[in-house]
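Structure, as structure tokens:
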Amino acid sequence: MNVLVTGGAGYIGSHAAQALHLAGHNVVVMDNLYRGHQQAVPMGVAFSQLDLNQTNDICELLSLHKIECVMHFAALAYVGESIEQPLTYYQVNVGGTLSLLQAMETAGVRRIVFSSSCTTYGQPKTIPLTENLPQKPISPYGWTKFIGEQLIRDYARAHDSFAYAFLRYFNVAGCAEDGSLGEDHRPETHLIPNLLFAAIGKESNNEMTIFGDDYNTPDGTCIRDYIHVEDLAQAHIAVMTALRDGDQRFYNLGIGKGYSVKQVLDAAKRICGVDIPCRIGSRRDGDAPQLYADASKIKEELDWNPRFTDINAIVQTAWKWFQSNPNGYGD
């Protein structure tokens, strides 16, 4: 299949582009490189430096490569930043998705797999999270993902043959198992990379802060569902392959169980062989004690199952890449 991957120079998008390429699909990566890295675009994959607001250029790209499906990853994705810069997040995430849909309509592309988020559920009282829970975002980032889903849903309602899938991620983690691709956010906010930065002695990350150890969890720290980035990529391929005209699909993507911050810290210490210094800080506003997915729907419907379900194995893949690339992609 001919597939356009927006945001394909970013962390998740690059792993998806590589998985698609290795599976024999014809892949085109589109990225404005604002936070992506051209070095992350897999060898043998076409690359176009475009922004989501360049509707006409995207339309030409779709037509030139005879694109049959779009995997839409391109977005700003920091919850805290979205609270400080809500207009920017709505402009990029919502406006960008609207522009992409307009280009797809003109070019006649009728399938999209949309990168959504468990943040659209807000702070549900029910654990694990199922797809049937009401969506009540509490951050501008979460709202942009929810509105993105609604945009696509409304467009599909007006075009019977249009097919879509929303994939609501939990905590994406790890790096390519062969060490070829990694995680390089700037700034870095994810737990595992920051633990590894501390382990290799990066100056600004030489002490980790655990935000609260008095939650109602077994060890007092927050519990989250960590899904390996390559398992996530394979889920995208499974969903894309299953899409038929008029399909309307939505799935949670997680491993179905959670690990606490202290469990992740202990795993990083074991894998790195370093006693990573930590201090206990105050709770962060909005942090739920535990969030993990009920991923049974995608398992039952598409026979997708994650390979990485042990936090040690996930951290090991990240450590392999960080050891070889302490400065990320170096750009």
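The values are calculated or read from the model by the stated rules, or taken from the named source; none is laboratory data. For clarity, every value in this text was computed on a predicted model and none was experimentally measured. Reconstructed Cβ throughout: ideal geometry from the backbone, glycine too, with neighbour counts over all protein chains shown.
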Report summary line: Quick count over region 97-116, residues being within 22 Å of P187 (Cα to Cα) and either part of a helix (DSSP H, G or I) or in contact with a His (Cβ under 9 Å, 6 or more places away or on another chain) (or both), is 1
**Report entry** Only listed residue being of a type outside the set (D, E), touching a residue at least 12 places away in the same chain (Cβ under 8 Å) and either assigned to a helix (DSSP H, G or I) or touching a Pro at 6+ places or on another chain (Cβ under 6 Å) (or both), chosen from I227, I314
**Finding:** I314
Report task. Could you check how many residues of region 262-281 are β-branched (V, I, T) and assigned to a helix (DSSP H, G or I)? Result -> 2
Report task. Scan region 142-155 and report the pairs whose first residue is in contact (Cβ under 8 Å) with a residue 24 or more places away in the chain and surrounded by fewer than 20 Cβ atoms within 10 Å (Cβ to Cβ) and whose second residue is assigned to a helix (DSSP H, G or I) and among the acidic types (D, E), with Cβ atoms within less than 9 Å and a gap of 6+ or a chain change. Result -> Y155/E105
Query raised in the report: Can you pull out the residues in region 181-198 that are in contact (Cβ under 8 Å) with a residue 60 or more places away in the chain, buried (at least 17 other Cβ atoms within 10 Å of the Cβ) and either small (G, A, S) or assigned to a loop (DSSP other than H, G, I, E, B) (or both)?
Result: L181, G182, E183, D184, A198
Query - Near pairs, Cβ below 8 angstrom, 6+ apart or cross-chain, from region 2-19 (over 18 Å from Y78 (Cβ atoms)) to any residue that is of a type in the set (S, T, N, Q) and surrounded by fewer than 24 Cβ atoms within 10 Å (Cβ to Cβ) - result: N2/N26; V3/N26; Q18/S180; A19/Q234
Requested in this report: Identify, by number, the condition in (1) part of a loop (DSSP other than H, G, I, E, B); (2) under 17 Å from the mean Cα position of the chain (by Cα); (3) acidic (D, E) that D178 doesn't meet.
Outcome: (2)
Query raised in the report: If you go through region 87-94 one residue at a time, do you hit one that is in a helix (DSSP H, G or I) and touching a residue at least 60 places away in the same chain (Cβ under 8 Å)?
Result: no
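Residues checked against (1) closer than 12 Å to T6 by Cβ; (2) at pLDDT 95 or above; (3) assigned by TED's automatic domain parsing to the domain that holds V109:
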residue: L50; (1), (2), (3): yes, yes, yes
residue: L64; (1), (2), (3): no, yes, yes
residue: E68; (1), (2), (3): no, yes, yes
residue: V79; (1), (2), (3): no, no, yes
residue: Y89; (1), (2), (3): no, yes, yes
residue: T97; (1), (2), (3): yes, yes, yes
Report task. Name every residue in region 19-40 that is buried (at least 24 other Cβ atoms within 10 Å of the Cβ) and in a loop (DSSP other than H, G, I, E, B), in order of residue number. Result -> D31, G36
Query raised in the report: Given R270, R249, R224, R279, which one is of a type in the set (K, R) and under 19 Å from Y78 (Cβ atoms)?
Result: R224
Query raised in the report: So which residues in region 230-254 are farther than 21 Å from T317 by Cβ and in a loop (DSSP other than H, G, I, E, B), if there are any at all?
Result: L243, R244, D245, G246, D247
Report task. Just give me the residues in region 238-283 being of a type in the set (V, I, T), farther than 29 Å from I127 by Cα and crowded, with 16+ Cβ neighbours inside 10 Å, in sequence order. Result -> I271, I276
Query raised in the report: Is it the case that some residue within region 155-162 is in the same structural domain as L33 (by TED's automatic domain parsing), over 19 Å from the mean Cα position of the chain (by Cα) and in a strand (DSSP E or B)?
Result: no
Query raised in the report: Looking at this structure, is Q102 farther than 22 Å from V239 by Cβ and touching a helix residue (DSSP H, G or I) at 6+ places or on another chain (Cβ under 7 Å)?
Result: yes
Requested in this report: Give region 122-135 a look and list any residue that's part of a loop (DSSP other than H, G, I, E, B) and either more than 26 Å from E300 (Cβ to Cβ) or of a type outside the set (K, R) (or both), or say none.
Outcome: G122, Q123, P124, T126, I127, P128, T130, E131, N132, L133, P134, Q135
Query raised in the report: Before we move on, is T119 at negative phi and part of a helix (DSSP H, G or I)?
Result: yes
Report summary line: Condition set of a type in the set (A, V, I, L, M) and part of a loop (DSSP other than H, G, I, E, B), scope region 282-295, selection nearest to V79 (Cα to Cα): answer is A288
Requested in this report: Select, from A16, A9, the only residue that is within 15 Å of L181 (Cβ to Cβ), assigned to a helix (DSSP H, G or I) and of a type in the set (A, V, I, L, M).
Outcome: A16
